[in-house]
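Asks: This is the structure I have questions about; it appears just below.
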Amino acid sequence: MAKEVGALVKLQVKGGAANPSPPIGPALGAKGVNIMEFCKQFNARTQDRPGKVLPVVITVYVDKSFDFIIKTPPVAIQLLEATGLKSGSAEPNRKKVASVNWEQVETIAKDKMTDLNAFTVESAMKMVAGTARSMGITVSGTAPWNN
Amino acid sequence: MNYYELLFTTITAEDYQQDLLIAALGEIGFDTFEELDLGFKAYIPVDNFDQHVLDEALEPYRDMFTFSYEITLIAQKNWNEVWESNFEPIQIGDQVFVRATFHEAKPEFPYEIVIDPKMAFGTGHHQTTAMMMQMMLENDFDGKKVLDMGCGTGILAILAAKLGATDLTAIDYDPVCYESTIENATLNQVDNIKALCGSKEVIPAEQYDIILANINRNILLDQMESYAKVLTPGGEIYFSGFYESPDLDIITEEARKYNLKYITHKKDKEWVAAKFVL
């Protein structure tokens, strides 16, 4: 039988750097989870991505045990990395601040497939391209499915 | 360590805008974030906080969407106390019994360890601690000089002392762990552990027969040379805190550079404890 879920905690934590301070301490500690065990596991699983802010969703069960899923960095952050931008455009409709090509969109889409709940690479790419446009980043070239 | 909590309310923001703001705060020393329905909380150690740097980092986002924040000081406390107040004692084989002060003693175990963990790691509940203790029971500590790196609660040093080690040094970079080791040594009436607060640079320039290090892969890789320097020829190192794949191969390869020979390892779930000899 599946274990009864007590709470979901959504955090963003730097890879390899989880420690028992706030918010991990209070968020998990108050629910009776052994915080030190979470930190040890999170850090072991993220040691290849030190310093990167990674979204993590922690499921705390009624019996105080826990599971967690580490996601890849958000689409917007991957777009900043791909373009070298520091932030998006303040007026995305009028002021374009950078551009990416469809190959870059595809790379990010494949990386984020599971987190985006997309069934096909094409639908994930459309979501990534949408986020890019809202940030004032143009997608250059013709979409592969229009070729 | 005291922290500031910044509660950001981002009413008009789309999800990706909040992600951008979180990433920008990550760049200026905020280390962890909690996502909420109408915004998020961002956390930074008080010593790293600079209002001017924060204002500058937020500036580009002021034109993009509406947000506000409130700052609260969160004083250091023992966040682990709920778990600690009702954790179960643990047995390692039929020899070691680890319990808290509020558990009943079990004198039938040859080695009983009392731990008051607070926010230090090491109660025997984690696979890595349990495997390190099993390995220690299979080896000879009598009369040995032992170094425990990343000692946490001091549990491994305390067991080593109970197994007959005569001279022990226990090191942790976290002041909470350093204090916890001293406290727990006293609780267990062990008086030959010298606790030090720091990293590899505080390792005394002495020769050790056995080194224990349950930390993590990256720190072990970084510190291995320092360990090899203070290990007696023929001395043993017990490493833990990493996964079998791919970490064990990476650790073994690094160890080879310092003539540390892989002997054996234990595995529980994906975790590993491994023994090396110089």
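The values are calculated or read from the model by the stated rules, or taken from the named source; none is laboratory data. Computed from a predicted structure; not experimentally measured. FYI the Cβ positions are ideal-geometry reconstructions off the backbone, even for glycines, and counts take in every protein chain you see.
Asks: Within the set of pairs 6+ apart or on separate chains, which have a first residue in segment B:157-177 that is over 19 Å from B:V230 (Cα atoms), a second that is assigned to a loop (DSSP other than H, G, I, E, B) and hydroxyl-bearing (S, T, Y), and C-beta atoms under 9 Å apart?
Replies: Pairs that qualify, where the first residue is over 19 Å from B:V230 (Cα atoms) and the partner is assigned to a loop (DSSP other than H, G, I, E, B) and hydroxyl-bearing (S, T, Y), are B:C177/B:T153.
Asks: Among A:S87, A:S134, which is without any contact (Cβ under 8 Å) to a residue 40 or more places away in the chain and within 10 Å of chain B (Cβ to nearest Cβ)? Spell out the reasoning first.
Replies: Values: A:S134 fails: without any contact (Cβ under 8 Å) to a residue 40 or more places away in the chain.
The unique qualifying residue is A:S87.
Asks: So which residues in segment A:1-41 are in a loop (DSSP other than H, G, I, E, B), facing another protein chain (nearest Cβ under 9 Å) and over 21 Å from the mean Cα position of the chain (by Cα), if there are any at all? I'd like the intermediate steps shown before the answer.
Replies: Step one: list which residues in segment A:1-41 are in a loop (DSSP other than H, G, I, E, B), which gives A:1-4, A:15-23, A:30-34.
Next, from what is left, pick out any that are facing another protein chain (nearest Cβ under 9 Å): A:16-23, A:30-34.
Within segment A:1-41, A:P20, A:S21, A:A30, A:K31, A:G32, A:V33, A:N34 qualify.
Asks: Output yes when any residue across segment B:31-46 is at negative phi, aromatic (F, W, Y), at pLDDT below 90 and surrounded by 13 or more Cβ atoms within 10 Å (Cβ to Cβ), and no when none is.
Replies: As a first pass, look at segment B:31-46 and keep what is at negative phi: B:31-38, B:40-46.
Filter once more, so that each one left must be aromatic (F, W, Y): B:33, B:40, B:43.
Restricting the remaining residues to those that are at pLDDT below 90 gives none.
The answer is no; no qualifying residue exists.
Asks: crowded, with 17+ Cβ neighbours inside 10 Å, assigned to a loop (DSSP other than H, G, I, E, B), in contact with a helix residue (DSSP H, G or I) (Cβ under 7 Å, 6 or more places away or on another chain) and among the small types (G, A, S): which single residue out of B:A57, B:A120 fits that description? Please lay out each step first, then the result.
Replies: Values: B:A57 fails: assigned to a loop (DSSP other than H, G, I, E, B).
Among B:A57, B:A120, only B:A120 is crowded, with 17+ Cβ neighbours inside 10 Å, assigned to a loop (DSSP other than H, G, I, E, B), in contact with a helix residue (DSSP H, G or I) (Cβ under 7 Å, 6 or more places away or on another chain) and among the small types (G, A, S).
Asks: Would you say B:R99 is basic (K, R) and more than 9 Å from chain A (Cβ to nearest Cβ)? Lay out the reasoning, then the answer.
Replies: Values: basic (K, R): yes; more than 9 Å from chain A (Cβ to nearest Cβ): yes.
Taking the combined requirement at face value, the residue satisfies it.
Asks: With respect to the numbered conditions (1) among the hydroxyl-bearing types (S, T, Y); (2) facing chain A (nearest Cβ under 8 Å); (3) under 26 Å from the mean Cα position of the chain (by Cα), which one is the sole condition not fulfilled by B:Y4?
Replies: Of the numbered conditions (1) among the hydroxyl-bearing types (S, T, Y); (2) facing chain A (nearest Cβ under 8 Å); (3) under 26 Å from the mean Cα position of the chain (by Cα), the odd one out for B:Y4 is (2).
Asks: Restricting to segment B:232-278, name every residue that is surrounded by 20 or more Cβ atoms within 10 Å (Cβ to Cβ), charged (D, E, K, R) and within 14 Å of another protein chain (Cβ to nearest Cβ).
Replies: The answer is B:D247, and nothing else.
Asks: For segment B:263-277, give me each residue that is touching a strand residue (DSSP E or B) at 6+ places or on another chain (Cβ under 6 Å) and in a strand (DSSP E or B).
Replies: Just the residues of segment B:263-277 that are touching a strand residue (DSSP E or B) at 6+ places or on another chain (Cβ under 6 Å), to begin with: B:263-266, B:270, B:272-277.
Listed by number, the residues that qualify are B:I263, B:T264, B:H265, B:K266, B:V272, B:A273, B:A274, B:K275, B:F276, B:V277.
Asks: Of the conditions (1) within 14 Å of chain A (Cβ to nearest Cβ); (2) farther than 26 Å from B:G235 by Cβ; (3) without any contact (Cβ under 8 Å) to a residue 60 or more places away in the chain; (4) part of a helix (DSSP H, G or I), B:S180 clears all except one; give me its number.
Replies: (3)
Asks: Being closer than 21 Å to B:V176 by Cβ and without any contact (Cβ under 8 Å) to a residue 40 or more places away in the chain is the filter here; which residues of segment B:201-211 pass it? Write out each step before concluding.
Replies: Applying the first criterion (closer than 21 Å to B:V176 by Cβ) to segment B:201-211 yields B:201-203.
Correct list: B:E201, B:V202.
Asks: Of everything in segment B:60-89 that's part of a loop (DSSP other than H, G, I, E, B) and facing another protein chain (nearest Cβ under 7 Å), which residue is surrounded by the fewest Cβ atoms within 10 Å (Cβ to Cβ)? So that I can check it myself, show each step before the final result.
Replies: The first filter runs over segment B:60-89 and keeps only residues part of a loop (DSSP other than H, G, I, E, B), leaving B:63-67, B:75-80, B:86-89.
Of the ones still in play, those that are also facing another protein chain (nearest Cβ under 7 Å) are B:63-64, B:79-80.
Numbers: B:D63: 10, B:M64: 21, B:W79: 25, B:N80: 25.
My answer is B:D63.
Asks: Do we have B:N214 as within 14 Å of chain A (Cβ to nearest Cβ) and free of Cβ contacts under 8 Å to residues at least 12 places away in the same chain here? Spell out the reasoning first.
Replies: Values: within 14 Å of chain A (Cβ to nearest Cβ): yes; free of Cβ contacts under 8 Å to residues at least 12 places away in the same chain: no.
No: the conditions fail for B:N214.
Asks: May I ask you to say which residue of B:L147, B:L73 is touching a residue at least 12 places away in the same chain (Cβ under 8 Å) and farther than 30 Å from B:I44 by Cα?
Replies: Only one candidate qualifies: B:L147.
Asks: Could you grab me the full set of residues in segment B:131-160 that are surrounded by fewer than 24 Cβ atoms within 10 Å (Cβ to Cβ), more than 21 Å from A:M36 (Cα to Cα) and hydrophobic (A, V, I, L, M, F, W, C)? Walk me through it before giving the result.
Replies: Step one: of segment B:131-160, the residues surrounded by fewer than 24 Cβ atoms within 10 Å (Cβ to Cβ) are B:131, B:134-135, B:137-145.
After this cut, where a residue has to be more than 21 Å from A:M36 (Cα to Cα) as well, the list is B:135, B:137-145.
Answer for segment B:131-160, where residues must be surrounded by fewer than 24 Cβ atoms within 10 Å (Cβ to Cβ), more than 21 Å from A:M36 (Cα to Cα) and hydrophobic (A, V, I, L, M, F, W, C): B:M135, B:L137, B:F141.
Each row is one residue, and each column tells you yes or no for (1) touching a helix residue (DSSP H, G or I) at 6+ places or on another chain (Cβ under 9 Å); (2) charged (D, E, K, R); (3) farther than 26 Å from A:R45 by Cβ.
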{"site": "B:L212", "(1), (2), (3)": "yes, no, no"}
{"site": "B:L221", "(1), (2), (3)": "yes, no, no"}
{"site": "B:T232", "(1), (2), (3)": "no, no, yes"}
{"site": "B:D249", "(1), (2), (3)": "no, yes, no"}
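Asks: Just to be sure I understand the filter: pairs with C-beta atoms under 8 Å, separated by 6 or more residues or on different chains, first member in segment B:11-23 and facing chain A (nearest Cβ under 9 Å) and at pLDDT below 85, second member part of a helix (DSSP H, G or I) and surrounded by fewer than 22 Cβ atoms within 10 Å (Cβ to Cβ). Which pairs pass?
Replies: So the pair list comes out as B:E14/A:S134.
Asks: I've got another one for you. Return the residues of segment A:109-140 that are in contact with an Asp or Glu (Cβ under 9 Å, 6 or more places away or on another chain) and either farther than 20 Å from B:Q17 by Cβ or assigned to a helix (DSSP H, G or I) (or both); say none if nothing qualifies. Don't jump to the end; show me each part of the working.
Replies: Taking segment A:109-140 and keeping what is in contact with an Asp or Glu (Cβ under 9 Å, 6 or more places away or on another chain), we get A:109, A:121, A:124-125, A:128, A:131, A:134, A:136.
Scanning segment A:109-140 gives A:A109, A:V121, A:A124, A:M125, A:V128, A:T131, A:S134.
Asks: Of the residues in segment A:42-53, how many are more than 9 Å from chain B (Cβ to nearest Cβ) and surrounded by 22 or more Cβ atoms within 10 Å (Cβ to Cβ)?
Replies: Looking only at that region, the number is 1.
Asks: Out of contact with any helix residue (DSSP H, G or I) (no Cβ under 9 Å at 6 or more places or on another chain), in contact (Cβ under 8 Å) with a residue 12 or more places away in the chain, over 16 Å from B:G143 (Cα atoms) and small (G, A, S), is that true of B:S245? Even if it seems obvious, please write down each step before you answer.
Replies: Numbers: out of contact with any helix residue (DSSP H, G or I) (no Cβ under 9 Å at 6 or more places or on another chain): yes; in contact (Cβ under 8 Å) with a residue 12 or more places away in the chain: yes; over 16 Å from B:G143 (Cα atoms): yes; small (G, A, S): yes.
The answer is yes for B:S245.
Asks: Scan segment A:56-75 and give yes if some residue there is on the phi > 0 side of the Ramachandran plot and in contact with a helix residue (DSSP H, G or I) (Cβ under 8 Å, 6 or more places away or on another chain), otherwise no. Write out each step before concluding.
Replies: The first filter runs over segment A:56-75 and keeps only residues on the phi > 0 side of the Ramachandran plot, leaving A:64.
Add one more test, that the residue is in contact with a helix residue (DSSP H, G or I) (Cβ under 8 Å, 6 or more places away or on another chain), and what stays is A:64.
There is at least one residue in segment A:56-75 that is on the phi > 0 side of the Ramachandran plot and in contact with a helix residue (DSSP H, G or I) (Cβ under 8 Å, 6 or more places away or on another chain).
Asks: Hey, among B:I237, B:I251, which residue is in contact (Cβ under 8 Å) with a residue 24 or more places away in the chain and in a helix (DSSP H, G or I)? I'd like the intermediate steps shown before the answer.
Replies: On the way: B:I237 fails: in a helix (DSSP H, G or I).
Being in contact (Cβ under 8 Å) with a residue 24 or more places away in the chain and in a helix (DSSP H, G or I) holds for just one of B:I237, B:I251, which is B:I251.
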